[in-house]
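Sharing a structure here in structure tokens format.
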Amino acid sequence: MEDVLNRDEIFSKAVRAGKRTYFFDVKSTRGNDLYLTITESKKKYNDSGDFYFEKHKVFLYKEDFEKFQEGFEEALAKIDELKATGNYKTEENEDSYSTNVAFEDL
């Protein structure tokens, strides 16, 4: 029975990053196609002091792997460039940076 419940679980990697944990889970569909889920989990507290985990999940399917990787790597390269040049908006640095992506394009 356990094998049936976990048949789509192929690989899981948890990455702790400060107050957040990221889970990278490789799974398979019934048709044996692989996909990736990326889950951000953050511990939160309600008004009574009890904690709960707020989670956000992204599903990434095989047909999107390459485009996602290209976009992710481009974004990381831009972060490195902006950090090196200081050309981004912060309280200390009022230069601004923006993209040409309109909300309607998403």
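Give me the net charge of Arg20's neighbourhood, meaning all other residues with Cβ under 12 Å from the Cβ of Arg20; Lys, Arg count +1, Asp, Glu -1.
The answer is +4.
How far apart, in nm, are two points set 7 Å out from the Cα along the Cα-to-Cβ line at Thr85 and at Asp47?
Calculated label separation equals 4.8 nm.
Further question: Going from the alpha-carbon gyration tensor of region 2-90, what semi-axes, largest first and in whole Å, does one get by taking the root of 5 times each eigenvalue?
Details: eigenvalues 168, 119, 17 Å².
Whole-Å semi-axes of the equivalent ellipsoid: 29, 24, 9.
Counting other beta carbons within 10 Å of each Cβ, put Val15, Val26 in order, fewest first.
Result, fewest neighbours first: Val15, Val26.
Among the lysines, select those whose C-alpha is under 22 Å from the C-alpha of Lys43, and discard any that sit fewer than 8 residues away in the same chain.
Lys13, Lys19, Lys55, Lys57
Each value in this text was obtained by applying a stated rule to the coordinates, not by laboratory testing. Predicted model, so just to flag it, every value in this text is computed and none were measured. Glycine gets a Cβ as well: all are built from the backbone with ideal geometry, and neighbour counts include every protein chain shown.
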